[in-house]
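Here is the structure we will look at, set down as structure tokens.
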Amino acid sequence: MNATPRRIVIFGATSRIATETARLWLARGVHLVVVARSPERLRMLSDDLSIRSGGLAEVDAVAADLEDLDALPALWDSLTQRFDDLDGVLIAHGNLPDQARCESDSQAMLRAIRVNALSAMTLLTAIANDFEKRKRGVIGVIGSVAGDRGRKSNYVYGAAKGMLTLFLQGLRNRLHGSGVAVVTLKPGFVITPMTQDFERDGLLWARPEAVARGIVQAFARRRDVVYLPWFWRPILWVIRMIPEPVFKRLSL
């Protein structure tokens, strides 16, 4: 029977989408473990969530550098030792790199791949092995519609998210039948601090609260791939169908 997990750990919990999602889960009585790099921002988030919970759900905070790939397996081990009833994970950390800088600086390009793909994949390897043994759990990862097709305006970010999407496809295939759900979450344009340099007008832009509602629903229903909002699915289908000789001439 599909149901929302009872204790969920959120990596990158101080991002706007993750924060809104955490608030919705709290309202449903879900216990939370919030993980982020900045102790100050994490403390502010934890205090806010604890007040909102009114004592109905537990909120625990763990500060960690999610770019330190070597430390991530030990981080997951420490979380499972401290919270032996973890049955849900949301991986929500990442950033939007400067495409022009990534084109001219290979180190900037590699950092973008590390932050937006390799970090999540390292965590997922540890999480999947643990959940597979327990034969339960829901793993959700925030990707992006940018990973569906490479575009000159953001192909480094898109490559990272495309890599992550493919990894999740294989992980979902591997864990099928084990009782573990793997949910790929693909937001489109969202009004958050990460997109503050964009002109955020038009019907394609979504509020983080709306995306959060979609994430909560996807976890409860154990969906495979969810576009947020839903209309990005047909839009990306059309974009993927454009022949390469035509697509390479477009400015997208």
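Part of a helix (DSSP H, G or I) and loosely packed, with under 15 Cβ neighbours inside 10 Å: is that true of E40 in this structure?
Yes.
What is the number of the single condition among (1) at pLDDT 95 or above; (2) closer than 27 Å to K135 by Cβ; (3) not basic (K, R) that I17 does not meet?
Failing condition for I17: (2).
Under 7 Å by Cβ, and 6 or more places apart or on different chains, what pairs join a residue from segment 158-173 that is hydrophobic (A, V, I, L, M, F, W, C) with one that is not in a helix (DSSP H, G or I)?
Sorted first by the residue in segment 158-173, then by its partner, the pairs are A159/G150; L164/V141; L164/G143; L168/V141; L168/V182; L168/T184; L171/V182.
Of all residues in segment 20-37, how many are surrounded by fewer than 19 Cβ atoms within 10 Å (Cβ to Cβ) and in contact with a helix residue (DSSP H, G or I) (Cβ under 9 Å, 6 or more places away or on another chain)?
5
Given the criteria closer than 23 Å to G88 by Cα and either touching a helix residue (DSSP H, G or I) at 6+ places or on another chain (Cβ under 8 Å) or of a type in the set (D, E, K, R) (or both), does S153 qualify? Spell out how you get there, then give the answer.
Details: closer than 23 Å to G88 by Cα: no; either touching a helix residue (DSSP H, G or I) at 6+ places or on another chain (Cβ under 8 Å) or of a type in the set (D, E, K, R) (or both): yes.
Taking the combined requirement at face value, the residue does not satisfy it.
Please indicate, with yes or no, whether at least one residue in segment 138-150 is under 23 Å from K248 (Cβ atoms), at pLDDT 95 or above and among the polar types (S, T, N, Q).
First, the residues of segment 138-150 that are under 23 Å from K248 (Cβ atoms): 144-150.
Filter once more, keeping what is at pLDDT 95 or above: 144-150.
Subsequent filtering for residues that are among the polar types (S, T, N, Q) retains 144.
Yes: one or more hits.
Go over the candidates E244, E209 one by one and state the one that is surrounded by fewer than 21 Cβ atoms within 10 Å (Cβ to Cβ), closer than 26 Å to E103 by Cα and of a type in the set (D, E). Steps first, answer last, please.
Details: E209 fails: closer than 26 Å to E103 by Cα.
E244 is the lone residue from the list that is surrounded by fewer than 21 Cβ atoms within 10 Å (Cβ to Cβ), closer than 26 Å to E103 by Cα and of a type in the set (D, E).
Sort out which residues of segment 228-248 are assigned to a helix (DSSP H, G or I) and farther than 17 Å from G150 by Cβ, and write them in order of number.
Of segment 228-248, the ones assigned to a helix (DSSP H, G or I) are 232-241, 244-247.
Scanning segment 228-248 gives R233, P234.
Report yes if some residue within segment 137-154 is outside any helix (DSSP H, G or I), within 20 Å of the chain's Cα centre (by Cα), over 26 Å from R223 (Cα atoms) and of a type outside the set (V, I, T); otherwise report no.
Yes.
Please state which one of D77, D70, D60 is acidic (D, E), outside any helix (DSSP H, G or I), modelled with pLDDT of 95 or more and surrounded by fewer than 19 Cβ atoms within 10 Å (Cβ to Cβ).
It is D60.
Is it the case that some residue within segment 169-183 is in contact with a Pro (Cβ under 6 Å, 6 or more places away or on another chain), surrounded by 23 or more Cβ atoms within 10 Å (Cβ to Cβ) and more than 12 Å from M121 (Cα to Cα)?
Checked against the condition, which is being in contact with a Pro (Cβ under 6 Å, 6 or more places away or on another chain), surrounded by 23 or more Cβ atoms within 10 Å (Cβ to Cβ) and more than 12 Å from M121 (Cα to Cα), segment 169-183 yields no hits at all.
Of the residues that sit in segment 78-137 and are free of Cβ contacts under 8 Å to residues at least 12 places away in the same chain and touching a helix residue (DSSP H, G or I) at 6+ places or on another chain (Cβ under 8 Å), which one is nearest to V190 (Cα to Cα)?
Checking each candidate, the answer is D98.
What tally of residues in segment 88-116 results from selecting those that are within 14 Å of the chain's Cα centre (by Cα) and part of a helix (DSSP H, G or I)?
The number of residues fulfilling the criteria is 2.
Does segment 196-219 contain any residue that is aromatic (F, W, Y), out of contact with any strand residue (DSSP E or B) (no Cβ under 7 Å at 6 or more places or on another chain) and modelled with pLDDT of 95 or more? Don't jump to the end; show me each part of the working.
As a first pass, look at segment 196-219 and keep what is aromatic (F, W, Y): 198, 205, 219.
Checking the rest, the ones that are also out of contact with any strand residue (DSSP E or B) (no Cβ under 7 Å at 6 or more places or on another chain) come to 198.
Now narrow it down to the ones that are modelled with pLDDT of 95 or more: none.
No, that holds for no residue.
The values are calculated or read from the model by the stated rules, or taken from the named source; none is laboratory data. As the structure is a prediction and not an experimental result, all values here were calculated from the model. Methodologically, a virtual Cβ is constructed for each residue, glycine included, from the backbone with ideal geometry; neighbour enumeration extends over all protein chains shown.
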